[in-house]
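Everything below concerns the one structure shown next.
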Amino acid sequence: MIHRIDGEYPGFVLDTKHTTYAFHVLPSGHLEHLHYGRSIHVDSLESLEPLTEKRAFEPGNVISYSSDYKTVILEDLCLEMSSAGHGDIREPFLTVVHADGSRTSDFRYLSDSISEEKPEFSPLPGSYSENGKTEHLVVTLQDASYSLTLELHYYVYPECDCICRSAKLINSSSESVQLERMMSLQLDLPDSGWSVSSFHGAWGREMTKSDVTLSGGKFVNESRAGSSSSRANPFFMLHRPDTSETIGDCFGFNLIYSGNHYSAVEVNAFGKTRVVSGIQPDGFRFLLEPGACFDAPEAVMTYSSEGFTGQSQNMHRFVREHIVRGSWKCKPRPVLLNSWEACYFNISESTLVSMAKAGKELGIELLVMDDGWFGDRSDDTRALGDWDPNPKKLPQGLGGLCKKINDAGLQFGIWVEPEMVNVQSRLYEQHPDWVMAIPGKPHSEGRNQRILDLANPEVVDYIIGKMTEVFSSAPITYVKWDYNRIFSDVYSPSLPPERQGETAHRYILGLYTIMKALTERFPDILFEGCASGGNRFDLGILSYFPQIWASDNTDALSRVRIQEGYSYGYPMSTVSSHVSACPNHQTMRDTPLETRFNVAAFGVLGYELDLRDLTSEDKKKIKEQISLYKQWRELLQQGDFYRGRSGNIHEWTCTAPDGSHAVGLLMQELVQPNTQSERFFARGLKRDATYLFYNYEQRINVKRFGSLINTMTPIHIRTDSLVHNVIARVVKMPGESEELLIPGDTLMDAGVKLKQAFSGTGYNENVRFFQDFASRLYFMEEK
């Protein structure tokens with residue numbers, strides 16, 4: 001709820017279910033930030049007084065704002081926004097180069113309004129409410145020296161304790177100005193010593209959590225890759241150093257934007273902390289002509305006193321309810337089979353139909369034809385951009401193939417990468433001026449491809465038209481939208497030299513125009529974002545596509561870490577995860593099929609291997625896995641996700657919002673010798689309810705015991721011999737099963753002591769075979 005506290009210098013209070021955000025207007029016209037954190041009682045100007053900065057004399061070696069306001073020291077105030085000049089030498093909210101060459105701005109309060117309307121900053125995506133009503137505060141500021149107007153927008157989502165911020169700069173003057181920096185969010189805190197958690201990585205190892213504590217200096221989390229990037233996800237947290245999963249102050253921040261981003265946390269000379277987040281200013285320069293305006297993308301922030309989990313739960317609810325939209329928002333996502341790791345570029349109609357039939361027998365619902373189906377596409381050096389089916393591979397086109405897949409009982413989906421082109425393609429030959437490249441200069445490529453210039457409206461219109469043709473050519477129900485390189489040598493042939501600083505941002509605006517048009521034309525298609533895995537995993541993409549391929553790395557050990565990283569800021573309903581073959585194609589690591597499924601089941605489940613090549617035993621296991629997943633799919637995709645322990649033991653729980661049932665994961669990275677005891681701790685249950693806690697009985701392949709088989713047989717069995725393999729087909733070692741009635745508070749606070757793990761001293765049906773990369777799923781149902 002938004003409250004205006006009336007007076008000559010008004011105050012503003014933004015309340016959510018558990019938080020309060022407050023600021024007011026100073027006599028100088030600046031906006032002083034007063035509080036963001038736990039809910040407090042603020043309902044009058046008098047109640048704001050304890051929160052304001054007190055100063056009788058200015059400190060030494062600082063700049064006073066003016067002779068009329070000598071004790072207004074902008075460098076030592078918590079502000080709602082800041083600009084270059086008049087003494088604030090911290091990270092600015094915005095920087096404008098005026099027509100006279102000056103970079104000094106001085107934005108002061110002009111007016112405000114409160115409504116339940118949220119106009120779009122088209123073509124930028126933003127948050128929304130299903131009922132069309134969003135609490136909205138706009139505070140308008142006017143530059144005291146130049147004819148520039150700045151609108152600060154606040155959107156409040158009380159039920160998930162989230163507040164969004166954005167800004168609009170309007171050039172009301174008769175001269176052009178250059179915008180060099182425009183943030184979306186600024187939060188000034190009165191103290192220091194906060195820790196920053198950011199999420200970094202690379203291809204195949206996205207979302208590694210990194211922590212740093214700031215008592216002075218500056219920390220920057222940024223991308224210059226042209227996308228939100230796997231190098232530095234735009235989501236980050238600010239928290240006390242002793243904050244845990246369940247206790248302690250924790251702020252979360254994210255940006256509804258898919259391009260270059262910049263976030264900084266800075267501690268100044270007076271021990272105050274400033275947080276800014278928005279578009280990357282490096283390389284950004286936007287020309288604002290008279291009458292023109294610039295919209296900053298929305299940023300979202302949340303606060304919880306209940307540690308990382310409280311922050312995550314807020315963000316998860318916000319993303320599920322106010323970012324993801326369309327017909328697939330709450331609809332169960334199908335279990336798919338993707339052709340990539342089974343076929344790579346070597347696909348054909350007969351192969352795909354054969355794979356579909358094999359998948360149907362095991363419970364697969366959707367076949368996805370990945371790269372290699374179009375033009376002369378036999379490898380990654382050619383044909384990208386030629387979006388016509390290869391007649392040799394698909395003699396009956398997409399329509400003919402889709403009919404055969406549908407006749408086999410499966411839905412049909414395809415892979416596309418519309419933003420890219422190979423030099424060896426018909427599209428490039430016809431339109432070399434449609435790519436981002438500096439004319440007449442060498443260009444560095446990634447994955448043998450170049451980026452189409454989405455800053456060019458002609459290119460945007462072409463992609464919309466061509467993809468419309470492709471998606472209309474068959475009853476396609478799923479599209480995987482890929483993006484397999486980063487920006488380099490950024491230049492738009494469609495823009496004049498003085499506007500080249502707009503290229504990266506205009507590219508993203510062009511992308512959003514494409515995505516909006518296609519998702520509106522094809523509302524029933526399930527679109528999945530992809531960018532070499534997680535190179536563009538952000539709230540901008542999720543505003544159009546309800547799920548994103550989290551990483552090209554499908555190794556279960558890597559994935560448990562990657563998905564855990566995403567879980568701090570993103571719900572698992574947005575994370576696509578596949579079971580693949582072993583040895584894994586990215587790490588060459590062998591992990592149990594059970595663990596590959598158990599980890600993938602906590603996202604949007606798919607399979608990416610050749611099911612036709614599996615043993616009958618593995619086919620049976622996968623059929624059972626898919627059946628189990630469908631039984632618990634709604635919970636696993638839309639339930640509340642909780643992290644428990646992390647490290648050598650990974651512990652997750654996905655709980656129904658009403659606490660009536662849950663699924664837990666326990667995974668071990670490496671076995672610890674002679675360690676029999678282990679507990680599982682659930683989260684999110686009802687404390688006073690009783691639950692049936694159980695797992696499904698394990699059946700262990702005798703070959704996993706190696707030569708230990710000789711301790712049980714009257715004759716010597718050579719490992720992997722014919723006799724060994726025959727025995728393995730017939731004999732399965734019984735594994736442990738758990739079945740207990742347990743109070744919810746016991747499950748959460750004391751944990752369940754599980755049956756002992758194998759430790760080299762004996763084995764029977766009461767021993768948990770829990771070796772390297774082993775895992776278990778545990779089920780909890782209220783009785």
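The values are calculated or read from the model by the stated rules, or taken from the named source; none is laboratory data. Given the structure is predicted, the values throughout are model-derived calculations rather than measurements. Counting neighbours? That spans all protein chains shown, and the Cβs are built from the backbone with ideal geometry, glycine included. In case anyone asks, the SASA skips ligands and DNA or RNA and just uses the protein heavy atoms, side chains included. Shrake-Rupley method; radii C 1.70, N 1.55, O 1.52, S 1.80 Å.
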Query raised in the report: So is Ser350 open to solvent by less than 10 Å² (accessible area, probe 1.4 Å), of a type in the set (Gly, Ala, Ser) and not in a loop (DSSP other than H, G, I, E, B) or not?
Result: no
Report task. Filter the stretch 653-703 for residues that are over 34 Å from the mean Cα position of the chain (by Cα), under 15 Å from Arg776 (Cα atoms) and free of Cβ contacts under 8 Å to residues at least 40 places away in the same chain and give the result. Result -> Arg699
Query - the stretch 123-135, residues that are without any contact (Cβ under 8 Å) to a residue 40 or more places away in the chain, of a type outside the set (Ser, Thr, Tyr) and on the phi < 0 side of the Ramachandran plot - result: Asn131, Lys133
Report task. Only residues that are closer than 17 Å to Ser339 by Cα and out of contact with any Phe, Trp or Tyr (no Cβ under 8 Å at 6 or more places or on another chain): list them for the stretch 410-426, please. Result -> Leu410
Query raised in the report: Among the residues of the stretch 626-641, is there at least one that is out of contact with any Asp or Glu (no Cβ under 7 Å at 6 or more places or on another chain) and part of a loop (DSSP other than H, G, I, E, B)?
Result: yes
Query - Selection within the stretch 234-283 - under 30 Å from Glu498 (Cα atoms), of a type outside the set (Gly, Ala, Ser) and either touching a Ser or Thr at 6+ places or on another chain (Cβ under 9 Å) or open to solvent by less than 20 Å² (accessible area, probe 1.4 Å) (or both) - result: Pro234, Leu255, Ile256, Tyr257, Asn260, His261, Tyr262, Val276, Ile279, Gln280, Pro281
**Report entry** Positions within the stretch 581-608 being open to solvent by less than 10 Å² (accessible area, probe 1.4 Å) and either small (Gly, Ala, Ser) or over 21 Å from Arg776 (Cα atoms) (or both), in sequence order
**Finding:** Ala600, Ala601, Gly603, Gly606, Glu608
Report task. Determine if the stretch 679-693 includes at least one residue that is of a type outside the set (Ser, Thr, Tyr), surrounded by 17 or more Cβ atoms within 10 Å (Cβ to Cβ) and assigned to a helix (DSSP H, G or I). Result -> no
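Residue by residue, here is whether (1) among the β-branched types (Val, Ile, Thr); (2) at pLDDT 95 or above; (3) over 19 Å from Arg536 (Cβ atoms) holds:
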{"position": "Arg450", "(1), (2), (3)": "no, yes, no"}
{"position": "Asp453", "(1), (2), (3)": "no, yes, no"}
{"position": "Glu458", "(1), (2), (3)": "no, yes, yes"}
{"position": "Glu469", "(1), (2), (3)": "no, yes, yes"}
{"position": "Thr477", "(1), (2), (3)": "yes, yes, yes"}
{"position": "Asn484", "(1), (2), (3)": "no, yes, no"}
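The rows are residues; the columns are (1) farther than 28 Å from Tyr146 by Cβ; (2) open to solvent by 60 Å² or more (accessible area, probe 1.4 Å); (3) in contact (Cβ under 8 Å) with a residue 60 or more places away in the chain.
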site: Val25; (1), (2), (3): no, no, yes
site: Phe57; (1), (2), (3): yes, yes, no
site: Asp68; (1), (2), (3): no, yes, no
site: Gly87; (1), (2), (3): no, no, no
site: Phe93; (1), (2), (3): no, no, yes
site: Ser113; (1), (2), (3): no, no, no
Report task. Taking only the stretch 467-481 into account, find how many residues are assigned to a loop (DSSP other than H, G, I, E, B) and either open to solvent by less than 10 Å² (accessible area, probe 1.4 Å) or hydrophobic (A, V, I, L, M, F, W, C) (or both). Result -> 2
Requested in this report: Among the numbered conditions (1) at positive phi; (2) open to solvent by 30 Å² or more (accessible area, probe 1.4 Å); (3) modelled with pLDDT of 95 or more, tell me where Gly659 comes up short.
Outcome: (2)
Report task. Being of a type outside the set (Asp, Glu) and open to solvent by 40 Å² or more (accessible area, probe 1.4 Å) is the filter here, so list the residues in the stretch 95-111 that pass it. Result -> Ala99, Gly101, Arg103, Thr104, Arg108, Tyr109, Leu110, Ser111
Query raised in the report: Got a number for residues in the stretch 27-51 being more than 21 Å from Lys70 (Cβ to Cβ) and buried (at least 18 other Cβ atoms within 10 Å of the Cβ)?
Result: 7
Query raised in the report: Of all the residues that make up the stretch 398-457, how many are farther than 18 Å from Asp386 by Cα, of a type in the set (D, E, K, R) and in a loop (DSSP other than H, G, I, E, B)?
Result: 2
Requested in this report: Give me the pairs, please: first residue somewhere in the stretch 720-731 and open to solvent by 70 Å² or more (accessible area, probe 1.4 Å), second residue anywhere and charged (D, E, K, R), beta-carbon distance under 9 Å, and either six or more positions apart or on two chains.
Outcome: Asp720/Lys703; Arg729/Glu617
Report summary line: The residue from Ser339, Ser312, Ser305, Ser327 that alone is open to solvent by less than 20 Å² (accessible area, probe 1.4 Å) and either over 18 Å from Leu539 (Cβ atoms) or among the basic types (Lys, Arg) (or both) is Ser339
Report task. Just one of (1) out of contact with any Gly (no Cβ under 8 Å at 6 or more places or on another chain); (2) under 23 Å from Leu74 (Cβ atoms); (3) open to solvent by 30 Å² or more (accessible area, probe 1.4 Å) trips up Asp143, so point out which. Result -> (3)
Query raised in the report: Restricting attention to the stretch 609-625, which residues are under 23 Å from Asp370 (Cβ atoms), assigned to a loop (DSSP other than H, G, I, E, B) and open to solvent by 30 Å² or more (accessible area, probe 1.4 Å)?
Result: Leu614
Query raised in the report: Here are some residues: Gly363, Gly359. Which one is farther than 29 Å from Val421 by Cβ, buried (at least 21 other Cβ atoms within 10 Å of the Cβ), out of contact with any Gly (no Cβ under 6 Å at 6 or more places or on another chain) and of a type in the set (Gly, Ala, Ser)?
Result: Gly359
